[in-house]
Amino acid sequence: MSSAITTGFTPQAKARPPRAPGENYLNVAFGVKSWLLTTDHKRIAILYLVTLTILFFIGGAAATVIRLNLMTPNGELVPADTYNKLFTAHGIIMVWFFLVPVVPTVLGNFLVPMMIGARDLAFPKINLLSWYVFTIGAIITLWALLAGGVDTGWTFYTPFSSKYARTNVIPTMLGIFISGFSSIMTGLNFIATMHTMRAPGLTWWRMPLFLWAHYAVSVIQVLATPVLAMALILVGVERVWGVGIFDPEL
């Protein structure tokens, strides 16, 4: 005796075509081009992992110099201005370009489609595009941090960041702003995937907590990232035109 189970199943969630024995996402194709143009969610997760690992070590190098400077009696390893720039670089890289994206882009990309029984994410090409956008934002930010640096702290406190700092504030914020589009695309992709590509029988209340956690993170990405982007825009507008957005006297 069987009973029907109502789900949000769509034909998109059917199994992948069978592969040859021993063939997997790592050896299905070879060459740099096959990786840079891939739409396989597992390969894109690996691309994110490599990118984030590089950024992690760059941020870790800044933290190492900070700690070495604190080990000296008077903090004489690097000048005070350089210390502020290293502190800012460490915070920006670790927060915006590692801690925020690492779980959804690596674990989420790799595991979510498999856990819901889908072939891939709902929008594979947008998934690849999100990695390119994130990488472009990271490159712009790294250039700004290395070519002169930023000494405002990773929170860009005003009025120092909007008026007094004479460092690469706007290029750094531009890189973070661009990477925010990657976060929004990733969040929308996960939301669409979980709504439309769950396997038969996998209702909302049968989803593992891991999937619920990624769904919640995706909603936060979609709702909170534009707010952060608007704050960066306001700081940039204040820095360029000095309209008094952050002036408490207005």
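The values are calculated or read from the model by the stated rules, or taken from the named source; none is laboratory data. This is a predicted model, so every value here is computed, not measured. Cβ placement follows ideal geometry from the backbone for every residue including glycine, while neighbour counts extend to all protein chains displayed.
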For THR39: the one exception among (1) modelled with pLDDT of 60 or more; (2) more than 24 Å from HIS195 (Cβ to Cβ)
(2)
Out of PHE181, PHE177, I need the residue that is closer than 30 Å to ASP81 by Cβ, of a type outside the set (Val, Ile, Thr) and either touching an Asp or Glu at 6+ places or on another chain (Cβ under 9 Å) or free of Cβ contacts under 8 Å to residues at least 60 places away in the same chain (or both). Which one?
PHE177
Which residue is farthest from LEU107 (Cα to Cα), if the candidates are limited to the stretch 203-244 and must be over 28 Å from the mean Cα position of the chain (by Cα) and in contact (Cβ under 8 Å) with a residue 60 or more places away in the chain?
GLY242
The number of residues in the stretch 87-112 that are surrounded by fewer than 22 Cβ atoms within 10 Å (Cβ to Cβ) and either among the aromatic types (Phe, Trp, Tyr) or more than 18 Å from GLN221 (Cα to Cα) (or both) is 6
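Give the number of residues within the stretch 27-72 that are polar (S, T, N, Q) and within 16 Å of the chain's Cα centre (by Cα). Step through it out loud before you land on a result.
Initial filter on the stretch 27-72 (polar (S, T, N, Q)): 27, 34, 38-39, 51, 53, 64, 69, 72.
Next cut, within 16 Å of the chain's Cα centre (by Cα) only: 51, 53.
Number satisfying all stated conditions: 2.
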Looking at the stretch 143-165, which of its residues are touching a Gly at 6+ places or on another chain (Cβ under 9 Å) and among the charged types (D, E, K, R)?
LYS163
Taking MET94 as meeting all but one of (1) aliphatic (A, V, I, L, M); (2) more than 30 Å from ALA199 (Cβ to Cβ); (3) modelled with pLDDT under 95, write down the number of the exception.
(3)
Restricting attention to the stretch 119-136, does a residue exist that is out of contact with any Pro (no Cβ under 6 Å at 6 or more places or on another chain) and over 21 Å from SER218 (Cα atoms)?
yes
Taking the stretch 140-172 and keeping residues surrounded by 14 or more Cβ atoms within 10 Å (Cβ to Cβ), of a type in the set (A, V, I, L, M, F, W, C), under 22 Å from the mean Cα position of the chain (by Cα) and more than 19 Å from LEU228 (Cα to Cα) leaves LEU142, TRP143, ALA144, LEU145
How about the stretch 203-223: which of its residues are within 29 Å of THR158 (Cβ to Cβ) and surrounded by 15 or more Cβ atoms within 10 Å (Cβ to Cβ)?
VAL217, GLN221, VAL222
